[in-house]
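Visitor: Before I ask anything, here is the structure I am working with.
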Ligand SMILES: *Cc1c(COP(=O)(O)O)cnc(C)c1O
């Protein structure tokens, strides 16, 4: 900041109210009150109620998949997915560039996470580095479609098939993404979706598993309800992972406006890309030919040498301007104290992941964000560069 008049800069750019990295798309309160009225009448609050059944069907239709199971949140959904595939010991190969839930779920299932480096273009698991991490203890691969960008699903499946491994996708960011005109969440054995308040499609807390067969769905439905198959028959050590009627009713209303949400985000993303494309040292994701994206996030990668400022300094200046960005995903999971001593956590073998985590920043993106605010954010980023 040495070269700019700081006082002047803030006077020009500081917003009166904070702008957050995301904000949920709220349905009309009147409509939700109507749904709540129905829940009152039904006196059915959870356990596969009317709204639960309806939401399950509507999401499956929207995503263009056959079978989904709703959950109380994405983390429990992923925990149950691993359990359902009987992955409860040994090792699972995953990415360190993700939300803490991904490796934590492995840990809670008695599995040792094995961190694999990421690709410098997709920020997803580098398929060329997976195979040398496979050991006799490896049970599965757990990749993440980070920011909704598809992993190299074909290569990953080929490796998994060759070694007899399961593939479970953490598709928490990938709601509605299509790849080669297929739903992305159809790849792998099971995909997990998150409907947390910060996600593109939300039920406050919530999540789902996209599964491959009716039989698998039935088993998972038992597992998410304590293993209860009938009043006198418990099929195994299940857990409580059920979504309740209030969440499901909220989700149904959100689903009505999801296409509008996505197209508004696309327009905002377009402006970000146009305005930032010529700023040296700032890289945005480019569109990929086979991908129909969902515009869930707006990550930029900062090259401190070319841009003249580090990610951390840009973060602080934006914060002073009342623009709350997020360092998704810094720090890397492999650096958490609970995982840092794993052999696969050595920074030397995760050099791309470290580089990306140190230079990534997610900018605000949600449908009610004003276009003028996006322009202002871009102008700040441009101005900081020019003043260098
Ligand atoms: C949000 C998120 C989760 C956890 O989902 P919850 O619904 O909050 O439990 C898991 N993985 C990734 C990559 C996420 O972003």
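Visitor: Which percent, nearest 5, of DSSP beta bridges in the chain are antiparallel? Before the final figure, lay out the partial values.
Guide: Details: 25 of 40 bridges.
That works out to approximately 60 percent antiparallel.
Visitor: Taking a temperature of 4 °C and a viscosity of 1.567 mPa s, what whole-number D in µm²/s does Stokes-Einstein yield for the range 303-345 with Rh from Kirkwood over alpha carbon pairs? Numbers along the way, then the final one.
Guide: Working: Rh = 12.4 Å.
Approximately 104 µm²/s, per Stokes-Einstein.
Visitor: Using only the Cα atoms, work out Rg/Rh for the range 30-170, with Rh taken as the Kirkwood radius, to two decimals.
Guide: Numbers: Rg = 18.3 Å, Rh = 17.0 Å.
For the range 30-170, the value is 1.08.
Visitor: What list do you get for 192, 233, 309 if you sort them by fewest beta carbons within 10 Å? Don't skip to the answer; put the middle values down first.
Guide: Details: 192 31, 233 9, 309 18.
Starting with the residue having the fewest Cβ neighbours, the order is 233, 309, 192.
Visitor: Compute the FRET efficiency between residue 50 and residue 324 as 1/(1 + (r/R0)^6), taking r as their Cβ-Cβ distance and R0 = 56 Å, and round to the nearest 0.05. Each step should come with its number before you reach the end.
Guide: Values: r = 38 Å, r/R0 = 0.68.
Once the sixth-power term is evaluated, E becomes 0.90.
Visitor: Let me make sure I get this right: for the chain, a, b and c are the square roots of the gyration tensor eigenvalues over alpha carbons, sorted descending. Under 1.5 in a/c it's rounded, otherwise prolate if a/b > b/c, else oblate. Which is it? Let's see the in-between values first.
Guide: Details: a/c = 2.12, a/b = 1.29, b/c = 1.64.
Verdict is oblate for the chain.
Visitor: So for the pair residue 348, residue 310, with labels modelled 7 Å out along Cα→Cβ, what separation do we get in nm?
Guide: According to this spin-label approximation, the distance is 2.4 nm.
Visitor: Separate question: Applying 1/(1 + (r/R0)^6) with R0 = 35 Å to the Cβ-Cβ distance of residue 162 and residue 340, what FRET efficiency is obtained, to the nearest 0.05?
Guide: 0.70
Visitor: Right, next: Please rank 153, 92, fewest neighbouring Cβ atoms within 10 Å first, as an exposure proxy. Before the final figure, lay out each step's value.
Guide: Working: 153 21, 92 24.
Sorted ascending by nearby Cβ count, the order is 153, 92.
Visitor: To continue, here is another question. Relative to the present Cα-Cα distance, how much length would full extension add between residue 135 and residue 355 at 0.36 nm per residue of separation? Please list the in-between numbers first.
Guide: Working: separation 220, 0.36 × 220 = 79.20 nm, distance 2.67 nm.
Extending this stretch completely gives an extra 76.5 nm.
Visitor: Within a 10 angstrom radius of the beta carbon, how do 169, 330, 179 rank from fewest other beta carbons to most?
Guide: Numbers: 169 28, 330 18, 179 22.
So the ranking, lowest neighbour count to highest, is 330, 179, 169.
Visitor: OK, next. Given the DSSP H assignment, sum -39500 (n - 2.57) over each helix run of at least 4 residues in the chain and divide by its residue total; what's the result at 222 nm in deg cm²/dmol, nearest 500? Intermediate values should be presented prior to the final figure.
Guide: On the way: 13 runs with 146 residues, N = 388.
Mean residue ellipticity at 222 nm (helix-derived): -11500 deg cm²/dmol.
Visitor: Something else: What is the extension gain from residue 370 to residue 15, computed as 0.36 nm multiplied by their sequence separation minus the C-alpha to C-alpha distance, in nm to one decimal?
Guide: Numbers: separation 355, 0.36 × 355 = 127.80 nm, distance 1.24 nm.
In short, 126.6 nm is gained.
Visitor: If you take the square roots of the eigenvalues of the alpha-carbon gyration tensor of the range 169-226 and sort them as a ≥ b ≥ c, do you get rounded (a/c under 1.5), prolate (a/b over b/c) or oblate? Each step should come with its number before you reach the end.
Guide: On the way: a/c = 2.83, a/b = 1.13, b/c = 2.50.
Verdict is oblate for the range 169-226.
A short reminder: the numbers here are calculations on the coordinates, not readings from a lab. Computed from a predicted structure; not experimentally measured. Cβ coordinates were reconstructed from backbone atoms using ideal geometry, including for glycine residues, and neighbour counts include every protein chain displayed.
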